[in-house]
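**Q** I have a structure I would like to understand better, so I am pasting it below and will then ask my questions one at a time.
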Amino acid sequence: MMKNKITLLLFLAAFLSQCTSNNDSENPDTLPTNLKIKRVLKNNTIESDYTYNSDSKVSIINYYNNGSLSSKQVYEYIADVTQISHFNSSNNLVQVRKYYEVNATTIRRDRYDNANSLLSYFLYKYTNTSCSHTSIETYNPNNVLTNRLLINYTDTNCSWESDYYNANNHVTFSSVAILDDKKSAYASTIIDTFSSHPSVGNQTEVTNRDANSAIINSSSYTSLFTYNSSNYPTIEVRTYIDGTIDRYTFEYY
């Protein structure tokens, strides 16, 4: 259950993600305005790399664990549907996710297993905000609501606070994120379905709390970024409350 909560919040973070820091000394004319993420290193070891198709849309994302390929996502764009197939380290299909617009204020994500059986579906809802979705509802194949994430945006950078509710309407997890006004390292990975909704800010501070409102030290952190002349992050130093420090390096096409 905790993994599902973190997954939903990671999706939100990736979608919104674009603190204060010093830009490097590159000539502003040496980099294009819009860059595409190429590779991410964590503590000098590759964590993910990205491939794009001829339309500059993300086509493959490879994920690594301790430098070894652990999984990959393959993107297909079929009419108004974006399909993402998830493979494990042995290149076996694990699940498929399909994203499409239901109406002007709702986007749906269907999750299938490797036998094409529906496991669950998610509704991303937009209600009078210039930032992003304000809720994510999760349903089982029988159309029963199993949990929901409510999101409130707190400033013009789309910083946010969220609460995760279970089927009994109890808050089991909450999160607060402070964002800056720079460009997201992952902006080029936002799929077509969400492309009309802005992606802003990098997370400079995240605080996660459990069902008892206790701070989760292992996943709460502050970050300091270094940016290039196009205002994309090149380095993130992330310091967790439990004392762990991770250094991320971002490379671009």
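No value in this document is a laboratory result; all are computed from the given coordinates. Because the structure is predicted, anything quoted here is derived from the model rather than measured. All Cβ positions, even for glycine, are placed from backbone atoms using ideal geometry, and neighbour counts span all protein chains on display.
**Q** Using only alpha carbon pairs under 8 Å that are at least six residues apart, calculate the relative contact order of the stretch 74-144 and give it in whole percent.
**A** With pairs under 8 Å counted, the relative contact order is 18 percent.
**Q** Moving to a separate point now. Along each of its three principal axes, how wide is the spread of alpha-carbon positions in the stretch 72-140, in whole angstrom units, largest first?
**A** That works out to 43, 25, 20 Å along the principal axes.
**Q** Pairwise over distinct Cα atoms, reciprocal of the mean inverse distance: report the Kirkwood radius of the stretch 119-200 in Å, one decimal place.
**A** After inverting the pairwise mean of 1/r, the radius is 14.0 Å.
**Q** Moving on to the next point. Could you tell me whether the stretch 205-250 comes out rounded, prolate or oblate from its Cα gyration tensor? Rule is a ≥ b ≥ c as square roots of the eigenvalues, rounded for a/c under 1.5, then prolate if a/b exceeds b/c, otherwise oblate.
**A** prolate
**Q** So if R0 is 22 Å, what FRET efficiency would Ser68 and Asn217 give, r being the distance between their Cβ atoms, rounded to the nearest 0.05?
**A** The pair Ser68/Asn217 has a calculated efficiency of 0.20.
**Q** In which sequence would Lys183, Lys125 go, from the one with the fewest C-beta neighbours within 10 Å to the one with the most?
**A** Lys125, Lys183
**Q** Using modelled amide H (1.01 Å from N, peptide plane; none on Pro or chain starts), what sits under 5 Å from the amide H of Lys36, excluding residues fewer than 5 places away?
**A** Under 5 Å from the amide H of Lys36 lie the amide H atoms of Tyr253, each far enough along the sequence or on another chain.
**Q** If you take the alpha carbon radius of gyration of the stretch 163-248 and divide it by 2.2 N^0.38 Å, what ratio comes out, to two decimals?
**A** With N residues counted in the stretch 163-248, Rg over 2.2 N^0.38 Å equals 1.29.
**Q** Stick to Cα atoms and the Kirkwood definition of Rh, then tell me Rg/Rh for the stretch 29-148.
**A** Radius of gyration over Kirkwood radius for the stretch 29-148 works out to 1.02.
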